[in-house]
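The values are calculated or read from the model by the stated rules, or taken from the named source; none is laboratory data. Values in this document were obtained by computation on a predicted structure and should not be read as measured data. Reconstructed Cβ throughout: ideal geometry from the backbone, glycine too, with neighbour counts over all protein chains shown.
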Amino acid sequence: MGALQEAMREAAASGIRFGFAETNGLRMHYARKGHGKTLVLLHGWPEFWIVYRPLLERLEDEFDVIVPDLRGFGFTGKPFAGPDPHADANTHARDIAGLLDALGIASTGIVGGDLGAYVLQAFARHYPQRLERAFFFCTPYPGIGTRYGAPGHLIEVWYQYFQQLPWAAELIGASRQTCKLYLSHFLNHWSGDAPDVFANMLEIYTDMFMQNDNIQGGFDWYLSSAPDRRRWLEGTLAKPPVIDAPSRFLWGWHDPLIKPDWSDKLGDYFSNYSIGFADAGHFVHYEAPDLCASEIRSFFAAPSRHPPLAPLDRGPDAIVPVHAAMPQSQP
């Protein structure tokens, strides 16, 4: 049995449910556990639902926690083979809105980091009445501006250009070892060069990215966001509308990719926010789950900024047996 299959079976045995929902032309996979207020967690790259398992286990007593695999990732996969230049933040936000529709959820709190933070910002701007509160980890946002492309920082963002190349996925996926080596660089370096953080997860991640065209699926985000990223680095990106949803930010002091001092312009883009810092790297949610769970509980305990919405007509919650979400055995 592969590492991913074993992790899925173990998760199911712990009470995590797995389902699929039709949304925006996509069959989206999600993990779900708990009871209470609905809370949606959005992962980044190179991740999938399992990166939030520590938070699922810590929040289940107070929240109905839903963790989708984003478009191109995990068991959600891609709508078609090959590069997809339309997997931008707005498309991802529509995917999440469709997931909420499919599950009969009118509004919710959302947590996002890395790519998930981009998606959460797009969701906040397009669906403000469906977002109760927003919680961000290590967040890329327009206020970072040209600092992201400064000469001293290019060593950290080279991969965002490499992953747009038409043969990048084929090269990284040439063998299990090449995929594992590539993923291990980011998992280790972004977590403060502490390789023990993801030591027990690397085989699981490699299993996942070696199937379902997931290497290309993860790269599609960088291809799709390239035009806006270019304008961002040139300083010509139009300023987006300010986000009014109550927002909380938790930044890792040791994040080499999105530096904590770059949080200095948040007030230009968020009208109602607070910020905290953690002794962690880029993967705050995985490196410091106890702290993150405590922060999330405190932040989402506050009343919603919206009056209650009428519940959507709810079809059956498409929970599927765990074996339906299993990959084929790796050779």
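I'd like the full set of residues that are surrounded by fewer than 20 Cβ atoms within 10 Å (Cβ to Cβ), hydroxyl-bearing (Ser, Thr, Tyr) and not in a helix (DSSP H, G or I), limited to the range 157-209.
SER175
Taking the stated definitions as given, is ARG229 charged (D, E, K, R), touching a residue at least 40 places away in the same chain (Cβ under 8 Å) and not in a helix (DSSP H, G or I)?
Spelling it out, it is not the case that ARG229 is charged (D, E, K, R), touching a residue at least 40 places away in the same chain (Cβ under 8 Å) and not in a helix (DSSP H, G or I).
Step by step: first the residues of the range 57-69, then only those that are surrounded by fewer than 22 Cβ atoms within 10 Å (Cβ to Cβ) and among the acidic types (Asp, Glu), then the one that is nearest to PHE123 (Cα to Cα). Which residue is that?
ASP64
If a residue must be among the charged types (D, E, K, R) and either surrounded by 16 or more Cβ atoms within 10 Å (Cβ to Cβ) or at positive phi (or both), how many such residues does the range 285-307 contain?
So the answer is 2.
Residues of the range 239-284 being aromatic (Phe, Trp, Tyr), in contact with a helix residue (DSSP H, G or I) (Cβ under 8 Å, 6 or more places away or on another chain) and either surrounded by fewer than 18 Cβ atoms within 10 Å (Cβ to Cβ) or in a strand (DSSP E or B) (or both), which ones?
PHE249, TRP251, TRP253, TYR273, PHE277, listed by residue number.
Sort out which residues of the range 243-286 are polar (S, T, N, Q) and more than 24 Å from LEU154 (Cβ to Cβ), and write them in order of number.
Hits for the range 243-286 are SER247, SER271, ASN272, SER274.
Could you check the range 70-84 and list, in sequence order, the residues that are farther than 16 Å from ALA97 by Cβ and not small (Gly, Ala, Ser)?
PHE73, PHE75, LYS78, PRO79, PHE80, PRO83, ASP84 - these are the residues of the range 70-84 that are farther than 16 Å from ALA97 by Cβ and not small (Gly, Ala, Ser).
In the range 8-42, which residues are over 23 Å from GLY112 (Cα atoms) and surrounded by 18 or more Cβ atoms within 10 Å (Cβ to Cβ)?
Listed by number, the list is empty, since nothing qualifies.
Being in contact with a helix residue (DSSP H, G or I) (Cβ under 8 Å, 6 or more places away or on another chain), buried (at least 24 other Cβ atoms within 10 Å of the Cβ), of a type outside the set (D, E, K, R) and closer than 30 Å to GLY15 by Cβ is true for just one of GLY77, GLY72, GLY116, GLY109. Which residue is that?
The match here is GLY72.
Name, by its number, the condition in (1) closer than 28 Å to ASP213 by Cβ; (2) of a type in the set (A, V, I, L, M); (3) surrounded by 15 or more Cβ atoms within 10 Å (Cβ to Cβ) that does not hold for ILE144.
Evaluating ILE144 over (1) closer than 28 Å to ASP213 by Cβ; (2) of a type in the set (A, V, I, L, M); (3) surrounded by 15 or more Cβ atoms within 10 Å (Cβ to Cβ) leaves (1) as the failure.
If you check TRP45 against the conditions, is it within 21 Å of MET210 (Cα to Cα), at pLDDT 95 or above and surrounded by fewer than 24 Cβ atoms within 10 Å (Cβ to Cβ)?
yes
For the range 230-270, which positions are hydrophobic (A, V, I, L, M, F, W, C) and in contact with a Gly (Cβ under 6 Å, 6 or more places away or on another chain)?
LEU233, LEU250
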